[in-house]
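Heads up: the structure comes next, in structure tokens.
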Amino acid sequence: MVIRFTCNGRAVQVEAEPEARVIDVLRDGLRLTGTKEGCGRGECGACTVLLDGKPVNACLLLAGKIVDRDVVTIEGIAGEDGSLHPIQEAFLDTGAVQCGFCTPGMILSAKALLDEIDTPGVAEVEEALAGNLCRCTGYGKVVDAVLAASRRMAPGADRGGE
Amino acid sequence: MVSSVSVIGKRIRKVDGREMVTGEAKFSGDYIFPGMVYGTVKRAGVPAGRIKSIDVTPANAVPGVVDVLVAADIPGPNLIGILPPLDQPVLASDEIRYAGESVALVVAESAEAARRGAQAVAVEIEAYEPILTVDAALAPDARKIHETGNVTFSKKLRKGEVESAFERADILVEGDYETSFQEHAYLEPETVCAVPGRRFTLYASCQSPFHIRGHVAANLGVPASSVKVIQANTGGSFGGKDDVATEIGALACIAAQRLNRPVMIAHERKESIVGSNLRHAARIHIKTGALKDGRIIAREVRVLLDGGAYASESPFVTMKTLIHAAGPYNIENVSVESTSIYTNKTYCGAFRGFGVPQVTFASESQIDELAEKLGLDPLEIRRINGLRAGDPNATGQIYEQSVGLLETIEEIAKRPEPAGRKDDDRHVHGTGYAAVAQGISNGAEGIDVTGASVQMSQDGSVLVGIGLTELGQGSRTVYALIAAEVLGVDVDSVSVRSVDTDAVHDSGPTVASRSTTVGGMAVHKAASEVKKSLVSMAALMMKTEGENIELRDGFAVLRTDESARIPIASVATAAYWTGFPLMNLAFSKAPEANFDDETHQGDVYIAYNYGTHRMDVRVDTLTGEVTVLNHLAAHDVGRVINPLGLEGQVEGASLMGFGLAHMERIQYVDGIIQNANFADYAVPSIKDRLPTATITVEDPNPTGPFGAKGAGEPPVAATAAVFANAVADAVGVRFTRLPITREDILDALKRGNHD
């Protein structure tokens, strides 16, 4: 069947079975390969995307469930002019990126949090990113990045890069 | 080495980070080629036996399956490995040596069809009684897992006379320690993509592309020049993407050749755990003799490594345990015997730390036991015995410089006690210390050569090429910083190539914390040659001598009159038209190791990274839960190139050591791994992170660029050891086996309460 949904702000349609995994719809159907598959069982968070603003594992989500809904992937975070989102800037500035494989999922989980809470505490950051595994960084700089991003995104803050 | 620098030591963003935060970075699984098909390996499923038959007919009947390969379809010798004689088949033809062993490759139009096909392959195996422990493997009548027997590799180190020294000792401590298998658990499972043609192109998530090229070509039966390997962005490796990338790389190329279609093989998570190498489990016996004043006069160590079914890096890991087992101490009499053993389990090989975490945990545990017997403070015993410049280490090697162990001890000692650690009815607190030394680069493990190219374009931009790979550790950023520093240009104007075996020089394997040290040295040399051309050109342009020219901030500057300056781009353009070369290929060759093979006495490594850690923990006596309140990680890194990258290495390696010490254990039942997923094999999550504070000591290393030495591995060992010592201090019970889980702590507390 044809799966119609909004992806990164644009109406899209993809030919897929309703029981196809959303990760495959995104990666194979739309060639949005920024969504990564780390385990295929919802245990690592590398495939995190936002569904109506909430983080979900695209490897567990079936295509039939996204019809007429709003999906945001890592490709939809930066500005149209290529300017990075404050969360992306913060991940680079704080050194929260090493191999980069978990990064898209991390950034989307962070975005869902910061869209909900302007100035989260450390415990809230931990809770929001608990499902996103990273084997490189030790996570300290990831927490720093999310907190730094929240300061940058606060009303009136300088949203610039480095 | 260099007095003033402009970019070295600055906190620099990862030069290749932007594409990773936008999703543009292409990993192996992100490639797609017209007509591409997908391969899945059929695994033995039993740990030991002999293949009686393989029936591929049911697999061929699965819709979408286009080809099934068995061992007989491999044109070359069907062998991979690290050291000759190679002992691992790409596909097993006869004997099955571990349950994850590959026996066939099914290729299909979709990954899903390939998986169904692999399930359908009917393999009849005459099962043997598996050999699942080192004791069973060493039993006199044990079945031989390989023709050569069950001992993979065994070596001895002899310094002085331990026996007579033990007789002179006032205090003896003796004990046994164990560590468990650990999985790399990089987030990206192993993936390769082979494209056929006049030459084969292999896109691979891998660590050492030149090593892979050689093995893939051999098994294809073609010269190495017929294969080019392009390292795709690699989602972590930590030692784990060499052997297995050769295996699936060879399979993908062979299938691509048969079908004349591109072939992708992407492991699922479970395959990544059962079908690629693990960290060796270890059993370590140590005896230490000391005088009343705290001086250690003798250490004897026996290391037994469970290396699983194939040799892989076992010989080198064995040597590394041999050299590091006595710890970072000046001990006159040392005797070590290290042996790796074949068993019918997943093969073990390279994993960040390379045997040093296992022996450091054991050694540092016993140092604390000794301190307690002597009534010495744990830092004091390390201070008394710690290696200083001019001291011979366990192999008798003496360094006159860059031995910063004592400085790391003092850095730790001068930090204040953390606040708020008062015991109550339910919680107890403890503090642990651990010291580590880890040899940098290949050293005893092989010849150590790196080739790097640096070229400048007429616009002043710089391109660096090197055969060492970026795996997340930040080596590209290090190379960019070094080139920028030497050439006086902005880091943003330097690009570092991806590794393509056609485009960069073979630089040996990306292992052993050698990228910054040996790789950085080659980049430094190549950039320095380009600098000579620029300086000569600028001198001509300014009608002066080269010695009066300095390159900095994007300009060639006259030292005597700083207002006289020419943009480097203009100098580069003039140099080009004048015929001064703006490209150089340079080699960094570390002094070769020179040691006695019988005693292992001699010069082994070009440098060591030294470190001291402190950890403060709170233990909940009702639940066994451990909270790490404070973790200080002090390392002598010679010279910090990029603090941001360095902290990332220390923090990440520390958490990996914490996983080894507290959380991670591969569980085998009858030779089958039971927890091959992230639900059951728990790697640390963000909630488990450590409050690691990186403290750097800079005692310049003459063999590294700007004095730098590698730092990516040593914190694994130090953290594993310091956790054990902190928990022992809190609970009052010495744990001799890693991981020390919450359940282990609870059990010990319960037993303690009954005493």
Query raised in the report: Just checking, how many residues over the stretch B:218-238 are outside any strand (DSSP E or B), buried (at least 24 other Cβ atoms within 10 Å of the Cβ) and in contact with a Pro (Cβ under 8 Å, 6 or more places away or on another chain)?
Result: 1
Query raised in the report: If B:Arg198 satisfies every condition in (1) out of contact with any strand residue (DSSP E or B) (no Cβ under 9 Å at 6 or more places or on another chain); (2) in contact (Cβ under 8 Å) with a residue 40 or more places away in the chain but one, which is the exception?
Result: (2)
Query raised in the report: Yes or no: B:Glu109 closer than 30 Å to A:His85 by Cβ, of a type in the set (Asp, Glu) and open to solvent by 20 Å² or more (accessible area, probe 1.4 Å)?
Result: no
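If we only count strands (runs of 3 or more DSSP E) wholly inside the stretch B:118-183, which ones have 2 or more residues that are at pLDDT 95 or above, open to solvent by 40 Å² or more (accessible area, probe 1.4 Å) and closer than 30 Å to B:Tyr38 by Cβ?
Details: elements: B:122-127, B:151-159, B:171-179.
Because the criterion is at least 2 residues that are at pLDDT 95 or above, open to solvent by 40 Å² or more (accessible area, probe 1.4 Å) and closer than 30 Å to B:Tyr38 by Cβ, the strands (runs of 3 or more DSSP E) in the stretch B:118-183 that meet it are B:122-127.
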Query raised in the report: Is it the case that some residue within the stretch B:10-32 is over 23 Å from A:Glu37 (Cβ atoms), of a type in the set (A, V, I, L, M) and within 14 Å of chain A (Cβ to nearest Cβ)?
Result: yes
Query raised in the report: If you go through the stretch B:125-163, how many residues are under 25 Å from B:Lys287 (Cβ atoms) and of a type outside the set (A, V, I, L, M)?
Result: 12
Report summary line: Sole miss for B:Gly704 among (1) over 18 Å from B:Thr408 (Cα atoms); (2) surrounded by fewer than 24 Cβ atoms within 10 Å (Cβ to Cβ); (3) not aliphatic (A, V, I, L, M) is condition (2)
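Results for (1) at pLDDT 95 or above; (2) within 14 Å of another protein chain (Cβ to nearest Cβ), shown as yes or no for each residue.
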position	(1), (2)
B:Phe580	yes, no
B:Ala586	yes, no
B:Lys589	no, no
B:Glu625	yes, no
B:Val637	yes, no
B:Ile641	yes, yes
B:Ile672	yes, no
B:Ala679	yes, yes
B:Val683	yes, yes
Query raised in the report: On the given criteria, is B:Ser515 within 23 Å of B:Ala708 (Cα to Cα) and small (Gly, Ala, Ser)?
Result: yes
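Counting just the residues of the stretch B:194-216 that are more than 22 Å from the chain's Cα centre (by Cα) and in a loop (DSSP other than H, G, I, E, B), which one comes out surrounded by the fewest Cβ atoms within 10 Å (Cβ to Cβ)?
Among those that are more than 22 Å from the chain's Cα centre (by Cα) and in a loop (DSSP other than H, G, I, E, B), it is B:Arg198.
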Requested in this report: Please work out which one of (1) of a type in the set (A, V, I, L, M); (2) farther than 30 Å from B:Ile12 by Cβ; (3) touching a Cys at 6+ places or on another chain (Cβ under 9 Å) is the condition A:Val67 fails and give its number.
Outcome: (3)
Report task. Return the residue satisfying two criteria in turn: it lies in the stretch B:643-694 and is within 29 Å of B:Thr477 (Cα to Cα) and among the polar types (S, T, N, Q), and of such residues it is most open to solvent (accessible area, probe 1.4 Å). Result -> B:Thr694
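Does the stretch A:80-96 hold any residues that are more than 9 Å from chain B (Cβ to nearest Cβ) and open to solvent by 30 Å² or more (accessible area, probe 1.4 Å), and which are they?
Selection gives A:Glu80, A:Asp81, A:Ser83.
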Report summary line: Residues in the stretch B:184-193 that are more than 10 Å from chain A (Cβ to nearest Cβ) and not in a strand (DSSP E or B) total 1
Requested in this report: Being among the aliphatic types (A, V, I, L, M) and farther than 13 Å from B:Thr40 by Cβ is the filter here, so list the residues in the stretch B:266-283 that pass it.
Outcome: B:Ile273, B:Val274, B:Leu278, B:Ala281, B:Ala282
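Results for (1) in the same structural domain as B:Ile331 (by TED's automatic domain parsing); (2) at pLDDT 95 or above; (3) not in a loop (DSSP other than H, G, I, E, B), shown as yes or no for each residue.
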position: B:Gly240; (1), (2), (3): no, yes, no
position: B:Ile248; (1), (2), (3): no, yes, yes
position: B:Lys292; (1), (2), (3): yes, yes, no
position: B:Ile297; (1), (2), (3): yes, yes, yes
Query raised in the report: Which condition does A:Glu37 not pass, out of (1) in contact with a Leu (Cβ under 9 Å, 6 or more places away or on another chain); (2) within 12 Å of chain B (Cβ to nearest Cβ); (3) within 28 Å of B:Ile273 (Cβ to Cβ), if it passes all the others?
Result: (1)
Query - One residue from B:Pro77, B:Pro89, B:Pro84 being away from every other protein chain (no Cβ under 14 Å), under 22 Å from B:Asn277 (Cβ atoms) and without any contact (Cβ under 8 Å) to a residue 12 or more places away in the chain - result: B:Pro84
Query raised in the report: Taking the stretch B:442-494 as the search range and keeping residues that are within 14 Å of chain A (Cβ to nearest Cβ) and among the acidic types (Asp, Glu), which one is surrounded by the most Cβ atoms within 10 Å (Cβ to Cβ)?
Result: B:Glu470
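For every residue, the table says whether it meets (1) among the small types (Gly, Ala, Ser); (2) within 13 Å of chain B (Cβ to nearest Cβ); (3) under 28 Å from B:Ser475 (Cβ atoms).
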site: A:Pro18; (1), (2), (3): no, no, no
site: A:Gly53; (1), (2), (3): yes, no, no
site: A:Asp68; (1), (2), (3): no, no, no
site: A:Ile107; (1), (2), (3): no, yes, yes
Query raised in the report: Of the residues B:Ala25, B:Ala71, B:Ala48, B:Ala44, which is over 30 Å from A:Arg27 (Cα atoms), buried (at least 24 other Cβ atoms within 10 Å of the Cβ) and either touching a strand residue (DSSP E or B) at 6+ places or on another chain (Cβ under 6 Å) or assigned by TED's automatic domain parsing to the domain that holds B:Ala255 (or both)?
Result: B:Ala48
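The values are calculated or read from the model by the stated rules, or taken from the named source; none is laboratory data. Since the model is a prediction, treat every value here as computed from it, not as a measurement. Because the Cβ atoms are built from the backbone with ideal geometry, glycine has one as well, and the counts that use them run over all protein chains shown. Side chains are part of the model used for accessible areas, which takes the heavy atoms of the whole protein and leaves out ligands, DNA and RNA. Shrake-Rupley method; radii C 1.70, N 1.55, O 1.52, S 1.80 Å.
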